[in-house]
């Protein structure tokens with residue numbers, strides 16, 4: 001399952017909550033697994049849970065192929 005990453009901007013709280021002129025900070029969230037990503041993401045990025053799921057799926061496929069080769 002591929003991660004659906006959503007990015008949005010929020011005000012930098014270091015400048016105060018009510019400050020309308022506060023600079024914005026980018027946030028990235030994996031909506032598939034509800035995981036907040038602290039680093040800027042790139043196209044095709046997967047959160048840690050998504051990477052684990054991909055590794056599991058690959059391992060299951062390799063086991064299936066090995067069983068078929070017997």
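The values are calculated or read from the model by the stated rules, or taken from the named source; none is laboratory data. Keep in mind the model is a prediction, meaning the values are calculated, not measured. All Cβ positions, even for glycine, are placed from backbone atoms using ideal geometry, and neighbour counts span all protein chains on display.
Selection over the stretch 30-70 of residues that are in a loop (DSSP other than H, G, I, E, B) and either in contact with a strand residue (DSSP E or B) (Cβ under 7 Å, 6 or more places away or on another chain) or closer than 30 Å to residue 8 by Cβ (or both) gives a count of 14.
Per-residue answers, yes or no, for (1) at pLDDT below 90; (2) out of contact with any helix residue (DSSP H, G or I) (no Cβ under 9 Å at 6 or more places or on another chain); (3) exposed (fewer than 12 other Cβ atoms within 10 Å of the Cβ):
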| site | (1), (2), (3) |
| --- | --- |
| 13 | yes, yes, yes |
| 19 | yes, yes, no |
| 35 | no, no, no |
| 41 | yes, yes, no |
| 64 | no, yes, yes |
